[in-house]
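So the structure is just underneath, and the comments pick up after that.
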Amino acid sequence: MPEPLAPPLRRLHSAVDAQRDHLTPTGRRIAAYLLEHPEDVALLSVQELATELRTGPASIIRTVQKLGYSGLAELKKTLRSTLQRARSPLEQFGMSLDDAGGELPTAIAAIAKRETRNIADTVRAFDERVFRGAVDTFARAHTVYVLGVGVSAHLAGLAAFVLQHVGLRSFALQHTGLSLSEQLIRAGKHDALLAFSFPPYSAQTIEVSRLAREQGVSVVAITNHAVAPIATCCDLLLVAKTDSLTPSNSISAPLVLVHGLAAAIAQRARPRSLKAIKTTLSIRVDD
């Protein structure tokens, strides 16, 4: 069964149906293009559309007005709003799980759907200003320390690895003989700390972040809620949903932010990042 049309597209289809017999052959060709290529109509200029349709801009505008629009600008605006509200690939994937039937074990389908929702919610709540601030902080830092406890320790290790490979001097704090705080003893105002903090919110992570900030270290936290305990001891806070149907917090959405940070840093410091990538590729790994 075909998906119902969004109201702006319904209006366009109804207008074409009502005016079809009153349009010239060129007008009908233009109307058919409007129906078949709404994305192009929303994004291309009238001159670009005229080139596509091999007709004049005036013919396109006349046809659009016969369909009840004040002009091409109004039609483009309504189509853009429809495209912006269209389901994202993540939402489409989530919907496809509803039709999985017996093809996937129930638990796998449910977990996948929850992961999809976590990422979609994280993207929806994305704060570009904070994200750009984090990119600036890490790009100019002498050393980026990465902190996590429990499952987040594995996330911290992966984040440090990714940041190293875009040219940053990055280290995950280790759970060794030295305490986490002792490993930051030399850190100062030229350094940064990336801290992961998720329920049940390790007191260690919060305390180390507080001490690092007191030493002048710039602290960026990734947590699951804007009012999580670590919010009081960081300079920048990125929120990632970690709802889970398993015994541990989900790390899918935090990883999206980590890889997004790495990509943005690589773009900002392209020569350094390319050098780091080439160096990594040139290292021979023995079996």
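The values are calculated or read from the model by the stated rules, or taken from the named source; none is laboratory data. None of the values given here were measured: they were computed from a predicted structure. Backbone-built Cβ (ideal geometry, glycine too); neighbour counts: all protein chains shown.
A few notes on this one:
- Test set (1) more than 22 Å from the chain's Cα centre (by Cα); (2) farther than 24 Å from Glu214 by Cα - Leu147 fails condition number: (2)
- Scanning region 245-256 for residues that are assigned to a helix (DSSP H, G or I) and surrounded by 22 or more Cβ atoms within 10 Å (Cβ to Cβ) turns up Ala253, Pro254.
- Filter result (surrounded by 13 or more Cβ atoms within 10 Å (Cβ to Cβ) and modelled with pLDDT of 90 or more) within region 29-51: Arg29, Ile30, Ala31, Ala32, Tyr33, Leu34, Val46, Leu49, Ala50
- Unique match (being outside any helix (DSSP H, G or I) and either of a type in the set (Gly, Ala, Ser) or surrounded by 13 or more Cβ atoms within 10 Å (Cβ to Cβ) (or both)) among Thr63, Thr55, Thr26, Thr78: Thr55
A quick yes/no check of all residues on (1) within 16 Å of the chain's Cα centre (by Cα); (2) within 14 Å of Arg132 (Cβ to Cβ); (3) among the acidic types (Asp, Glu):
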residue: Gly216; (1), (2), (3): no, no, no
residue: Ala221; (1), (2), (3): no, no, no
residue: His225; (1), (2), (3): no, no, no
residue: Leu236; (1), (2), (3): no, yes, no
residue: Thr242; (1), (2), (3): yes, no, no
residue: Val256; (1), (2), (3): yes, no, no
residue: His259; (1), (2), (3): yes, no, no
residue: Ile265; (1), (2), (3): yes, yes, no
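- Residue within region 158-176 that is without any contact (Cβ under 8 Å) to a residue 12 or more places away in the chain, surrounded by fewer than 24 Cβ atoms within 10 Å (Cβ to Cβ) and under 16 Å from Phe138 (Cα atoms) present: yes
- Residue within region 121-128 that is over 21 Å from Ala212 (Cα atoms), of a type in the set (Ser, Thr, Tyr) and either surrounded by 16 or more Cβ atoms within 10 Å (Cβ to Cβ) or without any contact (Cβ under 8 Å) to a residue 12 or more places away in the chain (or both) present: yes
- Selection within region 177-189: residues that are out of contact with any strand residue (DSSP E or B) (no Cβ under 9 Å at 6 or more places or on another chain) and in contact (Cβ under 8 Å) with a residue 24 or more places away in the chain. The member of this set that is surrounded by the fewest Cβ atoms within 10 Å (Cβ to Cβ) is Gly188.
- Residues that are farther than 20 Å from Val166 by Cβ, part of a helix (DSSP H, G or I) and at pLDDT 90 or above, drawn from region 122-139: Thr122, Val123, Arg129
- Taking the criterion of being touching a residue at least 12 places away in the same chain (Cβ under 8 Å) and either assigned to a loop (DSSP other than H, G, I, E, B) or not assigned by TED's automatic domain parsing to the domain that holds Ala156 (or both), the residues of region 190-210 that qualify are His190, Asp191, Phe198, Pro199, Tyr201, Ser202.
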